[in-house]
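Undergrad: Take this structure first; my questions come after.
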Amino acid sequence: MSDALSDDGSVNQDDSQEDVMTPAELIAKLEEAWLNEKFSPELQENKSEVVECVMEQLTHMEENLQRVKKGDAKASIHRMEIDRIRFVLSSYLRSRLQKLRKFFPHVLEKEKSRGEGDPSLLSPEEFAFAKEYYANTETYLKAVALKRMPPNLQTVDMLKAVPEPCLDSFVFLRVKERQENILVEPETDDQREYVVDLEEGSQHLMRYRTIAPLVSTGAVQLI
Amino acid sequence: MFCEKAMELIRELQRSNEGQLPAFNEDGLRQVLQEMESLYEQNQTDVNEAKSDGRSELIPSIKLRHCCLLRNQRCLTAYLYDRLLRIRALRWEYGSVLPANVRFHMCAEEVQWFSQYKKSLASFMRSLGGGEGLDITQDMKPPKSLYIQVRCLKDHGELEIDDGTVILLKKNSQHFLPRWKCEQLIRQGVLEHVMS
């Protein structure tokens, strides 16, 4: 798929002269974010600039297609490309939204405790959605059951009630930049912690918690 | 036994098929709430007695009742929350308008929750990509082909395709059309995707 995408990117290169990134690189970025998001148990940092650029690119490509001669074979190939990119984009946003809905109290809590200047996990739209979702669900539970319960039981701690993302789940990953001395913590009591080096290009199966920081810096890619 | 009723609610959800929404059990909910109320009242009187007369032998039964109260609360919220998850999944399956037989099984508050959820989702999708908007409930599967086989479900009149040909969408006729032209019409229920 990536071959087809980069072909397409080069055709449309003249569209985005103001961008430092070529369309091919942009799509690669999107795919990277998409895979990471799909395979990691917790929500990743938001990539709203990539999303915005891709959407712009899609509009450009649609416009270009309008100008193409009728019955041109190239047109249908480009059309297919647009559809594919739009699928990846939607799928990416969907999997973010899915995690957002699944872990909303934890996501909001993390967002609250985030230090000033740290990059936000959520895009403004996602943050608004999460807040609305939280309030809506809370109101609902109150209205249907909680307010009819005895006075000392009228609140539910959402943080405790909604399951947390399981950071100890295992993920497949490919190393993009060589890493040394990664500390792997023991899984059971009779194991001891040990250190591994990750060679560039090698693939591993590890617990997400161990390599979570490397995913956000882009040193490894989940696959 | 305490908490039986609450467990019954949970079992009811468990028994229904994956993703299906059984009718809202208003009666079961009320019974659990009643049980909680009486447990709570008993506890109140016992607590007062234990305090004023110093009867410490009452404390274990107070504790037991309190645990039952907590369990009831937990089961009820689990019941309600799980129903919400099922309703939420329906938004992605049926689109923003739910079929009548599903709505029939929902209570008034659930309908309200759903419409609020719908609104949040819609404003989220509208604001994507710097206000351009993108319907992410579309493109659910990776696109396989440009053209798909569709069947008309109702008379829709003429449709012009990009290359200029005009086709007549008549009820029960079948066409082989570009997918991006049909998506909207399929959503509106004019066309149906024929899987072969």
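Undergrad: Determine the dipole magnitude for chain B: charges of +1 sit on the beta-carbon of Lys and Arg, -1 on that of Asp and Glu, nothing else is charged, the reference point is the Cα centre, and the result goes in debye to the nearest 20.
TA: 400 debye
Undergrad: Given Cβ point charges of +1 (Lys, Arg) and -1 (Asp, Glu) and nothing else, what value in debye, to the nearest 20, does the dipole of the stretch A:72-223 about its Cα centre take? All intermediate terms of the calculation are to be shown ahead of the outcome.
TA: On the way: 23 positive and 24 negative charges, 198 e Å.
The dipole of the stretch A:72-223 has a size of about 960 debye.
Undergrad: Normalised by the number of residues in the stretch B:147-194, what is the relative contact order in percent for Cα pairs under 8 Å and 6+ residues apart? Before the final figure, lay out the partial values.
TA: Numbers: 81 pairs, mean separation 24.2, N = 48.
Answer for the stretch B:147-194 is 50 percent.
Undergrad: Now for a different question. Out of B:LEU153, A:LEU173, B:ALA78, whose Cα points farthest toward the positive end of the dipole of the protein assembly as shown (charges: +1 Lys, Arg; -1 Asp, Glu; placed on Cβ)?
TA: Towards the positive end, the residue furthest out is B:LEU153.
Undergrad: Under a point spin-label approximation (7 Å from Cα along Cα-to-Cβ), what is the B:SER123-A:THR22 distance to one decimal in nm?
TA: So the two model labels end up 4.2 nm from each other.
Undergrad: Which of these, B:PHE104, B:PHE176, B:PHE124, has the largest mean-square fluctuation under a Gaussian network model of chain B (Cα springs below 10 Å)?
TA: B:PHE176
Undergrad: With respect to the cross-link table entries B:LYS5/B:LYS119; A:LYS74/B:LYS154; A:LYS29/B:LYS154; A:LYS160/B:LYS141; A:LYS102/B:LYS171; B:LYS144/B:LYS170, which display a Cα-Cα separation exceeding 32 Å?
TA: The pairs that break the limit, which is 32 Å between Cα atoms, are B:LYS5/B:LYS119; A:LYS74/B:LYS154; A:LYS29/B:LYS154; A:LYS160/B:LYS141; A:LYS102/B:LYS171.
Undergrad: Compute the separation of the alpha-carbon centres of the stretch A:61-135 and the stretch B:164-182 and state it in Å as a whole number.
TA: 30 Å
Undergrad: May I ask you to evaluate 6.51 cos²θ - 1.76 cosθ + 1.60, the Karplus curve with θ = phi - 60°, for each residue of the stretch A:87-95 and list the ³J(HN,Hα) values in order in whole Hz, giving x for glycine and proline?
TA: Each residue's phi maps through the Karplus curve to give 4, 4, 4, 5, 4, 4, 5, 5, 5 Hz.
Undergrad: Give me the one-decimal nm value for the distance between modelled label points at A:GLU63 and A:ALA128, 7 Å along each residue's Cα-to-Cβ direction.
TA: 2.5 nm
Undergrad: Most exposed first by the Cβ proxy, i.e. fewest other Cβ within 10 Å, how do A:CYS166, B:CYS152 rank?
TA: Details: A:CYS166 11, B:CYS152 19.
Ranked by crowding around the Cβ, least crowded first: A:CYS166, B:CYS152.
Undergrad: Can you tell me the orientation of helix A:23-39 relative to chain A, as the angle in degrees between its alpha-carbon axis and the longest Cα principal axis, to the nearest 10?
TA: For A:23-39 against chain A, the angle is about 30 degrees.
Undergrad: Distance between Cα centroids, the stretch A:168-200 to the stretch B:15-76: provide it in whole Å.
TA: Distance between centres, Cα-based: 47 Å.
Undergrad: From other protein chains only, count the Cβ atoms within 10 Å of every residue's Cβ in A:86-93, then give the mean.
TA: Partner Cβ neighbours, averaged per residue: 5.
Undergrad: Say each of A:GLU185 and A:GLU52 gets a label point 7 Å from the Cα, pointing the same way as Cα to Cβ; how far apart are those two points in nm?
TA: So the two model labels end up 3.7 nm from each other.
Undergrad: Same structure, new question: Using the number of other C-beta atoms within 10 angstrom as an exposure proxy, rank B:TRP113, B:TRP180, B:TRP92, A:TRP34 with the fewest first.
TA: B:TRP92, B:TRP180, A:TRP34, B:TRP113
Undergrad: Between B:GLU93 and B:GLN188, how high is the FRET efficiency from 1/(1 + (r/R0)^6) when r is the Cβ-Cβ distance and R₀ = 22 Å? Nearest 0.05.
TA: 0.85
Undergrad: Where does each of B:ASP82, B:ASP27, B:ASP139, A:ASP189 land when they are ranked from fewest to most other beta-carbon atoms within 10 angstrom?
TA: Fewest-to-most ranking of B:ASP82, B:ASP27, B:ASP139, A:ASP189: A:ASP189, B:ASP27, B:ASP82, B:ASP139.
Undergrad: Inside 10 Å of the C-beta atoms of B:97-106, what's the mean count of C-beta atoms belonging to other chains? Working shown, then result.
TA: Details: counts 0, 0, 0, 0, 0, 0, 0, 0, 0, 0.
Average per residue, whole number: 0.
Undergrad: So if R0 is 60 Å, what FRET efficiency would A:LYS112 and B:LYS170 give, r being the distance between their Cβ atoms, rounded to the nearest 0.05?
TA: 0.55
Undergrad: What does the average come to when, for each residue of peptide A:76-85, you count the partner chain Cβ atoms lying within 10 Å of its Cβ?
TA: Details: counts 3, 1, 0, 6, 5, 1, 2, 8, 3, 2.
Mean shielding by partner chains, rounded to a whole number: 3.
Undergrad: Further, regarding this structure: Send over the per residue convex hull volume for the stretch A:3-161, Cα only, as a whole number of Å³.
TA: 143 Å³
Undergrad: Give me the Kirkwood hydrodynamic radius of the stretch B:147-194, using the inverse of the mean 1/r over all pairs of distinct Cα atoms, in Å to one decimal.
TA: Its Kirkwood hydrodynamic radius stands at 10.4 Å.
Undergrad: For the stretch A:96-141, what's the radius of gyration and Dmax over Cα atoms, in angstrom?
TA: For the stretch A:96-141, the Cα-based Rg and Dmax read 10.7, 35 Å.
Undergrad: Grab the DSSP H runs of chain A that are 4 residues or longer, score each as -39,500 (n - 2.57), total them, divide by all residues and round the 222 nm result to the nearest 500 deg cm²/dmol.
TA: -18000 deg cm²/dmol
Undergrad: Under the rule of at least 5 residues apart or a separate chain, name every residue whose amide H is placed under 5 Å from the amide H of B:LEU191.
TA: B:LEU153, B:ILE186
Undergrad: Hey, for a label at A:GLU193 modelled as a point 7 Å past Cα toward Cβ, could you say which residues of the stretch A:144-184 have their backbone N under 11 Å away?
TA: Once the point is set 7 Å along Cα→Cβ of A:GLU193, A:183-184 turn out to lie under 11 Å by backbone N, inside the stretch A:144-184.
Coordinate-derived values only; no laboratory data. These numbers were taken from a predicted model, which means no experiment stands behind them. Please note: Cβ atoms are built from the backbone with ideal geometry, for glycine as well, and neighbour counts cover all protein chains shown.
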